[in-house]
Amino acid sequence: MIKRMLIMLVLTGLVIGGIFGFIAFKGRMIKQFMASQGEPPQTVSTITAGLLEWSPKLEAIGSLRAVQGTELSAEVPGIIAEIYFHQGDNVQAGEPLLQLRADDDIAKLKSLNATAELARITYLRDQSQFKAKAISEQTLDIDKANLNVATANVAQQQALLDKKLIRAPFSGQLGIRSVDPGQYLDAGTTIATLQALDTIFADFYLPQQALAQLKTGQTVTVKTDTYPNQDFTGTISVINPKVDLNTRNVLVRASLKNPQHKLLPGMYATIQVAIGATERFITLPRTAITFNPFGATVFRVVSNGQDDKGKDKLIARQAFVTMGETRGDQIAIIKGVNEGDIVVTSGQIKLRNGSPILVNNSVQPSNDAAPQPKDE
């Protein structure tokens, strides 16, 4: 009985040991098989690095304003008698625009003219009498003073009357009318806007470091989202002789011809200032650059021999790069990539140095020097 139990225990141990041994053997074989397969290739898109021309430039956001622009208003209050302009009219300097009621002022001017005429006649008559020694010199002096006072009163009243006729201070285009005939107009109340649009100013700020690269007469290119496919060219006309104490920026003004009146005061625009001759740089899309605290890197595609079918086995090699200027989706590379290098443009997050890769360029990231929003 004991002998049979021992035999049973021995057989049971052999069976259990065999099972565990087989499991361990199976795991070791699977591990060896997986190790022999290597890391699976990662699918990426690539681009061949090439040289492109770059024009050194400074870029800023600015605002447009008219060379001459104002909100028309009256200097004196009164009731609007006549409006001589239509909204949107182009007017010439000195052209009458609006008349305030001036009947009382005209009547008073006539009265003052009569007084001045009487003073003039009296003075001329007394001059003859003085020559005949019929009156004293004091009387003549009083007559002259009275004439001067009367003439000044006429001029004062005429000036008040002139203020009640609003004229265009310069040639330009009128905007929307804000008043109506018969309305009481307070002094300073806006009548309409008047803007001279043939030439437009573009005002923008640049950091003080850029001052050494700026000079009047430099070419600027102005872009606005109103006309995304059109560039407007002008020149720097003024560089402010003072740097802002708070921002350390300097105000720059450029002048642009605007014959079609496409640009309007108040628009914001992107301004680019050309500051040097054209240069050639290795250019990559932004998506090819991996930004890290320790520096910017790219993954270059290199060959690592051939497989059994004679095809190149491609791997990714990480390289540090020195970047230059940016424009749109592109970055200039100063150092780290050579012309003709194949660089990964998407899929880098899956890579490490030496990772095998599979190239699929059916979909490429944007690589536009001047990208524009696309309609949905």
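The values are calculated or read from the model by the stated rules, or taken from the named source; none is laboratory data. Not measured: the values here are computed from a predicted model. All Cβ positions, glycine included, derive from the backbone under ideal geometry; neighbour counts span all protein chains shown. Areas reflect the complete protein model, heavy atoms only, side chains present, ligands, DNA and RNA absent. Shrake-Rupley method; radii C 1.70, N 1.55, O 1.52, S 1.80 Å.
I'm trying to understand the selection: among the residues of the range 115-147, which are open to solvent by 90 Å² or more (accessible area, probe 1.4 Å) and assigned to a helix (DSSP H, G or I)?
Restricting attention to the range 115-147, the residues satisfying the condition of being open to solvent by 90 Å² or more (accessible area, probe 1.4 Å) are 118, 120, 125, 131, 133, 137-138, 144.
Hits for the range 115-147 are L118, R120, R125, K131, E137, Q138, K144.
Of the residues in the range 297-336, how many are acidic (D, E), loosely packed, with under 12 Cβ neighbours inside 10 Å and touching a strand residue (DSSP E or B) at 6+ places or on another chain (Cβ under 9 Å)?
If we filter the range 297-336 for residues that are acidic (D, E), which is where we start, we get 307-308, 312, 325, 329.
Imposing the further condition that a residue be loosely packed, with under 12 Cβ neighbours inside 10 Å reduces the set to 307-308.
Retained after the next criterion (residues that are touching a strand residue (DSSP E or B) at 6+ places or on another chain (Cβ under 9 Å)): 307.
Here the count works out to 1.
If you take just the strands (runs of 3 or more DSSP E) that sit entirely in the range 170-277, which of them hold at least 1 residues that are open to solvent by 60 Å² or more (accessible area, probe 1.4 Å) and more than 30 Å from H86 (Cα to Cα)?
Values: elements: 172-174, 190-207, 219-223, 232-243, 249-257, 268-274.
Because the criterion is at least 1 residues that are open to solvent by 60 Å² or more (accessible area, probe 1.4 Å) and more than 30 Å from H86 (Cα to Cα), the strands (runs of 3 or more DSSP E) in the range 170-277 that meet it are 190-207, 219-223, 232-243, 249-257.
Can you report the number of residues in the range 351-367 which are at pLDDT 85 or above and in contact with a Pro (Cβ under 6 Å, 6 or more places away or on another chain)? Before you say what the answer is, go through the steps one by one.
So the first thing to find is which residues in the range 351-367 are at pLDDT 85 or above, and the list is 351-366.
Still in the list and also in contact with a Pro (Cβ under 6 Å, 6 or more places away or on another chain): 356-358, 365.
Matching residues across the range 351-367 total 4.
Test of understanding: among A369, A332, which residue is assigned to a loop (DSSP other than H, G, I, E, B), in contact (Cβ under 8 Å) with a residue 40 or more places away in the chain and under 30 Å from L58 (Cβ atoms)? Give the derivation first.
On the way: A332 fails: assigned to a loop (DSSP other than H, G, I, E, B).
Being assigned to a loop (DSSP other than H, G, I, E, B), in contact (Cβ under 8 Å) with a residue 40 or more places away in the chain and under 30 Å from L58 (Cβ atoms) holds for just one of A369, A332, which is A369.
Given the criteria within 22 Å of Q213 (Cβ to Cβ) and either modelled with pLDDT under 90 or under 28 Å from the mean Cα position of the chain (by Cα) (or both), does R286 qualify?
Numbers: within 22 Å of Q213 (Cβ to Cβ): no; either modelled with pLDDT under 90 or under 28 Å from the mean Cα position of the chain (by Cα) (or both): yes.
The answer is no for R286.
When the range 28-46 is examined, which residues are found to be assigned to a helix (DSSP H, G or I) and either of a type in the set (F, W, Y) or modelled with pLDDT under 75 (or both)? Give the steps one after another, and end with the answer.
Of the residues in the range 28-46, the ones assigned to a helix (DSSP H, G or I) are 28-37.
The answer is M29, I30, K31, Q32, F33, M34, A35, S36, Q37.
So, in the range 337-350, of the ones that are of a type outside the set (S, T, N, Q) and modelled with pLDDT under 90, which residue ends up surrounded by the fewest Cβ atoms within 10 Å (Cβ to Cβ)? Break it down stepwise before answering.
Filtering the range 337-350 for residues of a type outside the set (S, T, N, Q) gives 337, 339-344, 347, 349-350.
After this cut, where a residue has to be modelled with pLDDT under 90 as well, the list is 347, 349-350.
Working: G347: 20, I349: 7, K350: 12.
Top of the filtered list is I349.
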